Structure formats: structure tokens, C-alpha cells
Amino acid sequence: MSWVFQNKKSNYMQRIDSHQHFWYYHPKKDSWMTQEMTAIRRDFMPDDLYAAVQGLGIDGCVTVQVAQTDAETEFLLELAAVNGFIKGVVGWVDLKADDINERLEKLSLNRKLKGFRHILQSEPDDRHMLHPDFKRGIKALRQHGFTYDVLIYPKHLKYAIEFVNDFPEQPMVVDHLAKPLIKAGKIKEWEKDIRTIAESPNVFCKVSGMVTEADIQSWTPTGLIPYLDVVFDAFGPDRLMFGSDWPVCLIAASYRQWAELLDLYTSDMLSSDQKINFWGGNAIKFYNL
């Protein structure tokens, strides 16, 4: 199948992976990797990504934090500095820090740093994003031109709706469709909430991380389509981004399997211009790549 869609304006479409990771594996640091995640319990670096995207026409990526440390952000920026393929970095910063503005001012000097993420899905308080000190940090992001990735489960969406409404000018993107319960076949409540959050025009969504929310041993494209249908209808092709969630996706599928599934899904439903946006244009616009 062809991986270059023709564009009347440029005859070329940049394909940007809006969501992938790098890490040096350490059992203690990466304790979130359970026994069923054997496929990813090793180091993953740029050379591994180059091998994974070979022949797929991927022009670049946005690499996203995994560890919640300042060192993680520095590590990713160091990789980005020597690998032109990495177009942008989504790092981590302590949004509750008293000196958050000073920290962001310093970090903004690195042009490859595009935004930040906090692993809200793992916070013991589902309302963590609504804490005044956390919101103070989010407010500071806008002042320094940074984006924010929202990593949550479906149970958090009701709070996330309030959260994004509090910051209508802040560019935000929901990672992995808010991780719908695909394996359990639950869609009704998630659909209602994801459609509501999509009503906020400053909110984008990454089409990524789906195969690992399905049955990792026996998922099928058919089982994913109802969820894809919802987000494509709710957000529209101008606020959706292709993301691989590599190497996490390897628990259930190869990079090629996931990319080809989405290529097939979008092949007839999107116009040429909409394909340009979904496969790269939206990521370029959102992250100012």
C-alpha cells in the first residue's frame, strides 16, 4: 500500500508520529511494566525506532515523557539534539512548583521542547487535575507557549471536561482516546464523555494506544472500529493526530500493523487534505514543529 498521499499544493505529505517513547530499561524505575509486557522490558532508542518505521514513510516524531523527573526531560532533549528525526519533545515539569514560571522560562530556551505531560492516570486522586496548585501550573504553560498532553482513563473524563473548560486558550491533547475499555467492550459512557470534551475547540486527540487497551492476545481491527468511528466523528480530522505509542504498542502489535490499520481505515473516509492533517499536519500545527 502507498504511504505517500498526493497533495495538489505540495505533492508531499509529512507523516509525523505524534506519540512515541524512548527509555533505558531499569526494573525498579520501570516497575509499571508487568510480566505480560516482556516485549518492552529492554532499552528503546532512536536506532530502534528507525528500524521500526523503515519503509513506512514516517518523516519524524514527537517523543513523550515516561518518567516524572526533570532528568527525563533533559534525556529526551539530549536525544532530540542529535537526532533530527525527533521534531519535538513532550517533557515533564513539576506544575505545582512555586517557581513554575521561572522553570518554564528557562525551559523555553530549548526550541525542541514543545509541551508537558503529567501521568494523571496514576494519581490516587482522580481530581488531581483540578487542584488549585496544579491549575496554577497549567495557567503558566500558556504564558510560555507550551502545550499539554492529558493522560487519563475514562473515569477521569468527567473531571477533564471541567479542566479543559477552565483553560479555553490552552492547547491540549487527549492521549490514546482517554484509553477506552476496549477489551471489556464498554463504549457508552466513554462515548458520551469523549464527545463532550471534544466540544472544546482547543482540545485535540491522539489516535494511539488502542491495541494495548484491547485484548493484547486476540484483538481485531473490527473491535477497534466503533471507537475510531466515535473520535473521528467527535473531533473531526482537523483535531486528530496519528500516534504509534511505540514501543508500548509492541505488547500487542508492531508499528507496521498499527500504521497500516489506520491507513486502511482512513483511506476512503478522508479527503486528500484531511489525510495530510491527520497523518502529520495536525501534529505540526499543535506542537508548532
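FYI, it's all coordinate maths here, none of it is from the lab. Computed from a predicted structure; not experimentally measured. Every residue, glycine as well, gets a Cβ built from its backbone with ideal geometry; the counts of neighbours run over all protein chains shown.
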### Query
Could you say whether any residue in region 69-79 is out of contact with any Leu (no Cβ under 9 Å at 6 or more places or on another chain), outside any helix (DSSP H, G or I), closer than 27 Å to Asp30 by Cβ and not polar (S, T, N, Q)?
no
Quick count over region 239-261, residues being more than 17 Å from Lys179 (Cα to Cα), touching a strand residue (DSSP E or B) at 6+ places or on another chain (Cβ under 9 Å) and not small (Gly, Ala, Ser), is 2
Of those in region 98-146 that are acidic (Asp, Glu) and surrounded by 15 or more Cβ atoms within 10 Å (Cβ to Cβ), the residue farthest from the chain's Cα centre (by Cα) is Asp126
Expected single match for under 30 Å from Arg142 (Cα atoms), of a type in the set (Asp, Glu) and crowded, with 21+ Cβ neighbours inside 10 Å among Asp245, Asp273 is Asp245
Exactly one of Lys206, Lys179, Lys192, Lys183 is closer than 21 Å to Ser122 by Cα, of a type outside the set (A, V, I, L, M) and surrounded by fewer than 19 Cβ atoms within 10 Å (Cβ to Cβ), and that residue is Lys183
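Before we move on, is Phe167 under 30 Å from Leu109 (Cα atoms), crowded, with 19+ Cβ neighbours inside 10 Å and touching a Lys or Arg at 6+ places or on another chain (Cβ under 8 Å)?
no
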- Quick check, is Ala259 of a type outside the set (Val, Ile, Thr) and more than 24 Å from Gln65 (Cβ to Cβ)? no
